[in-house]
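A.B. asks: Questions regarding the structure given below will be posed in turn.
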Amino acid sequence: MLSVSNLDLFYGDAQALDGVTLEVAEGSTTAIVGANGAGKTSLIRTVAGILKPARGSIRFRGQEIAGLPSHAVCNLGVGQVAEGRQIFPSLSVRENLEMGAVIPRARASAKPTMERVLALFPRLLERMDQAAGTLSGGEQQMLAIGRCLMGKPDLIMFDEPSLGLSPALVQELFRIIRALAADGMTIILVEQNVAASLKIAQRAYVLENGRVVLSGSGVALLDDPAVRQAYLGL
Ligand code: ATP
């Protein structure tokens with residue numbers, strides 16, 4: 001569904017992605033693992049059309065999307081839940097969700113989509129008219145995911161969705177990610193809980209200094225000695 005090949009990205013003179021090549025199969029969950037600064041966020045932001053690569057190709061369902069503006073990428077069905085949530089704090093929960101459906105692909109069906117999203121996140125239903133900035137951290141993360149779903153994505157990229165969540169909420173978050181996957185959603189997951197993300201990933205890639213240094217099934221990487229030492233503390 002998504003084919004990234006030979007992707008290079010620079011911030012000024014500093015190279016953040018160096019020849020990144022990866023494949024994401026439709027309906028699969030793909031984990032991206034790497035230390036701080038490895039380029040995980042840069043990769044997601046480049047696929048989302050927020051950053052422009054210097055070289056390389058990003059094909060989504062066969063269509064070249066490298067260089068397209070982010071709203072166009074979003075309208076093709078590529079959603080992202082950004083690190084740090086990025087909800088609109090002064091708008092209500094309802095308004096934040098509605099904002100997720102402003103793109104053409106989602107607008108006409110916003111109402112039924114909202115019902116599906118609220119079925120997944122009943123806590124949001126109880127707080128529809130509350131200002132989003134007054135939600136708890138966990139609720140804000142659920143809202144960020146809900147808003148992304150309102151855009152009817154076929155591929156969702158999660159960047160550190162569990163950041164700042166309590167252990168109970170991390171479990172809840174993984175339950176939701178697994179439910180989306182079971183529903184056929186294609187998922188790219190960047191997660192500090194490396195073991196948990198590898199367990200649910202059919203495929204995983206390890207990034208170091210902007211390069212893919214290792215790839216394989218999630219289970220294979222869970223057993224890989226280098227991964228265990230560097231990312232699982234074993
Ligand atoms: P983390 O887990 O810490 O978020 P990451 O793997 O997501 O790390 P990136 O945020 O993609 O890594 O950063 C990759 C490299 O690019 C880092 O060296 C970082 O300092 C650099 N970088 C990121 N954003 C910018 C920017 N706006 N300007 C300059 N350099 C940047």
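A.B. asks: For the chain, what is the mean residue ellipticity at 222 nm derived from helices alone (per DSSP H run of n ≥ 4: -39500 (n - 2.57); sum divided by total residues; nearest 500 deg cm²/dmol)?
C.D. replies: On the way: 11 runs with 89 residues, N = 234.
Helix-only estimate at 222 nm: -10500 deg cm²/dmol.
A.B. asks: Scan around VAL212 for amide H atoms under 5 Å from its own, H built in the peptide plane at 1.01 Å from N, and keep only partners 5 or more places away or cross-chain.
C.D. replies: THR21
A.B. asks: Which of the pairs LYS40/LYS152; LYS111/LYS199; LYS52/LYS152 have their Cα atoms more than 29 Å apart in this structure? Please list the in-between numbers first.
C.D. replies: Details: LYS40/LYS152 23 Å; LYS111/LYS199 34 Å; LYS52/LYS152 24 Å.
Flagged as over cut-off: LYS111/LYS199.
A.B. asks: Right, something else. If you add up the charges near ALA230, with Lys and Arg at +1 and Asp and Glu at -1, over every other residue whose beta carbon is less than 11 angstrom from its beta carbon, what do you get?
C.D. replies: On the way: positive: ARG228; negative: GLU208, ASP224.
Result for the local shell: -1.
Coordinate-derived values only; no laboratory data. All values derive from a computational prediction rather than experimental measurement. Cβ atoms come from the backbone with ideal geometry, glycine included; neighbour counts cover every protein chain shown.
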